[in-house]
Amino acid sequence: MKKILTLSVLMPTLALGQSLVGTSPENRTVLLEDFTGIHCFYCPEGHVIMEQVATAHPGLVSLVGVHAGSFAVPSAGEPDFRTPQGNALNSFYQPTGYPMGMLNRHSFAGATVLNRGQWAGAAEEVLDMESPVNVGVESSYDEGTQQLTVHVQLYYTQDSPGNNDRISVLLTESNIIGPQTGGSANYNHKHVLRTYLTELWGDEVATTTTGTLVDRTYTYNVPGTWDIANCDVIAFVSEYQGDVYQARTVTADGGATVVAGSLGAFASAFQAGSYGNTNSFTTGLTSQMDVDGTFLVELEADGAPDTWGSTIKVNGNSIGNGEVFNLAAGTTAQIQVDILPDATPGLGDYLLTVTSVDHPDALPMQRDLHVISGVTDLVVSNDGAESWENLYRTAMGQANENAFAVTTRTRFIKFGQAGALDGVLHVYRNVSWNFPSYTEDEVAVLIPFLEGGGNLMIAGQDIGWDQSGDANAYGTPVTRAFYTNYLLATFVNDGSPSSNQVDFIDADAVFGTVPNSSVAHVFGSSSYTYPDRITPIAPAVAILNYNTPANSIGGIRAQTGSYKLVYFGIGPEQMGNASVGRQMIQLSHDWFHGTVGVEEFDAAMGALGKAWPVPATDVLHIPVGTAVSDGSVEVFDATGRMVAEEAFKAAGGEIRIRTDRLGNGMYNYRIRTAATVLPARSFVVAR
């Protein structure tokens, strides 16, 4: 292995010319290192998740399969994919199972090696982080000498926070056919770590201040048994034995990170929307080509209601989604994305992608943006708990809840940090059996949410264990204090498979009518069933017992001066009777909305008079008494779409709904106050 290096500061030739590395600030890319082995039964599932993460973020994810540990030991006649570097990584990071992986060697709530169910969410989190340094790489191969030459460039857009950086370069090979437990005898092994061209922990970078350009070249003689056509080179910069800032992948034989431009970050990528008001996201695209170029801009929506509008503008001029625009060399264009929510509640995740038409191999430039509008009930899933989201969706449907949405924990935290959750009243935490159960960042969002009057349902096994102080748990002093002070629970023990029946306490005003249910072993065998046993802290009360030990508590609810809480130490997905699981969620919803177990609800229902005229023409009048406080009335058409929302003052003695803007037909209206939500009632518009 040979190395040639140069170091320059504030290189003027990079300012405008096309190069390997960008000079404008960029976010981090993802380095996903998967600890795997040919005798690991669940490793093929990890391989699929790796590919999914990379596919979701083209050009921004580098994949490495690290074959190490006992599952990687080959039997007679089997290929040996182990490497000295892979063995060293395995010994240093010590994964507790396989497959497990690292994303940028970053610590997520104290854990660097993550379960495969956490990879997608962790990747999203990494991609939102700023990088102090950009990485460029090009690779060439001489077939005659079998020499691989890799040229790496770094450009520091800000001072490195650690000032102890390293360049690492490695080689992977794909399309190696061989055996795989849980797969087949002719399994296609991809992204297999072959070797490092640098030392394992990288080649030291002496100067890491803003404006520094680092230029280095590495060579390696490739064994003839490796197929260079299936090999990739990955170059990354990291702190010594610490966080990876940025990684880039190119094909070993002729690949390069052509830079056509740089796309700035949005000032705020998470915004709260409202009916009829535009959410604007603005950034700048700077050309880094030495000639005028053409760029393609695309906006992809995920989860946003189809009726929401979106517009893309370049320098103030609207262009169509998927259209191109021209940009002079070295200049910057303002790109604005406008999202226009309508009356349909929803949460839209959008991806803005700009690519060079002239250089299709250039790295795509991407930015995420997110809008939440009209959502009162928000389901938040842990990474790895997404498979149970449909249970929550179905329960919301049973509750006739139209104003709900589903999101990830990472995005929930980002919305909260941006102050964009003001319209959300009720949160349903789908923890299931994933770690960490919740994080310090999430606690920082949940505390003001609860103290401001929001309500919380949280469900999953090992939430309590995770906050127990066990040496293997992920809880911290901050998250454990939240468990005591806000979840109002004391952890008793980890439970056992012998707790195989749940009994809802009959005397409870909310959950007392729910049938008992067996416990299903949804995480595999019974040996993976550990429903938490807990004790409520006043004012919390028990709502669910296990059969063994008798009267051991597995669920509580509480109403404090600020919020309502439902906490289940066993997830609704673990109910043998699926309808019981749905009721756990639906009744939490109904209690939060005041439709069960609240005296004020009965009083408000009795205070509503009969609406008139029937059918309505221009205005529908609803007489109300003093039991109904100020609030809003929501109107839904026959498809369940919200078509109008109006605030009202109860002191006026009646609520008025304007119907002159509605077409003829059947509608439902629902009254919402700070204390309760009343069931929908029907009316007809006819002229």
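Tabulated values for the structure
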quantity	calculated
Cα-based shape type of segment 375-592, given that a ≥ b ≥ c are square roots of the gyration tensor eigenvalues and the cut on a/c is 1.5	rounded
Amide H contacts of THR29 (H built 1.01 Å from N, under 5 Å, at least 5 apart or other chain)	ALA247
Under the Karplus curve 6.51 cos²θ - 1.76 cosθ + 1.60, θ = phi - 60°, whole-Hz ³J(HN,Hα) for segment 293-308, x wherever Gly or Pro sits	x, 10, 10, 10, 10, 9, 10, 10, 9, 10, x, 6, x, 4, 7, 5
Rounded, prolate or oblate (a/c below 1.5 giving rounded, otherwise prolate when a/b exceeds b/c) for the chain by Cα gyration tensor	oblate
Sites ASP630 and MET666 - FRET efficiency at Förster radius 25 Å, r taken between beta-carbons, to 0.05	0.35
Protection proxy ranking, peptides 661-668, 315-322, average beta carbon neighbours within 10 Å, highest first	661-668, 315-322
Cα centroid separation, segment 31-51 to segment 56-79 (Å)	6 Å
Karplus-derived 3J(HN,Hα), 6.51/-1.76/1.60, for each residue of segment 409-422, Hz, glycine and proline x	4, 4, 6, 4, 4, 5, 4, x, 5, 8, x, 10, 10, 4
Contour minus Cα-Cα distance for ASN164 and VAL541 (0.36 nm per residue)	130.5 nm
Rounded FRET efficiency, nearest 0.05, which uses the C-beta distance separating ASP358 from ASN493 and R0 of 45 Å	0.10
Nonlocal amide H pairs with GLY261, under 5 Å, H built at 1.01 Å	GLN288
The chain - mean residue ellipticity at 222 nm from DSSP helices (-39,500 (n - 2.57) per run, n ≥ 4, rounded to 500)	-4500 deg cm²/dmol
Length-normalised contact order for the chain - Cα pairs under 8 Å, 6+ apart - percent	9 percent
Nitroxide proxy distance, nm - points 7 Å out along Cα→Cβ at ALA680 and ALA265	4.1 nm
In Hz, Karplus ³J(HN,Hα) per residue of segment 88-105 (6.51, -1.76, 1.60; θ = phi - 60°; x = Gly, Pro)	5, 4, 4, 5, 6, 8, 6, x, 8, x, 9, x, 9, x, 10, 10, 6, 6
Separation between Cα centres of segment 122-187 and segment 319-395, rounded to whole Å	27 Å
Nitroxide proxy distance, nm - points 7 Å out along Cα→Cβ at SER184 and VAL614	6.5 nm
Amide proton proximity set for VAL133, modelled H, under 5 Å, gap of 5+	THR157
Global geometry of segment 262-372, whether rounded, prolate or oblate, following the gyration tensor of its Cα atoms and the 1.5 cut on a/c	prolate
Extension gain from SER310 to THR331, taking 0.36 nm per residue of separation minus the Cα-Cα distance	5.0 nm
Inter-label distance, nm, simple model (7 Å from Cα along the C-beta direction), SER75/SER318	6.5 nm
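Laboratory data are not the source of any read-out in this text; all were calculated from the coordinates shown. All values reported here derive from a predicted model rather than from experimental measurement. Positions of Cβ are backbone-derived with ideal geometry, glycine not excepted, and every protein chain shown enters the neighbour counts.
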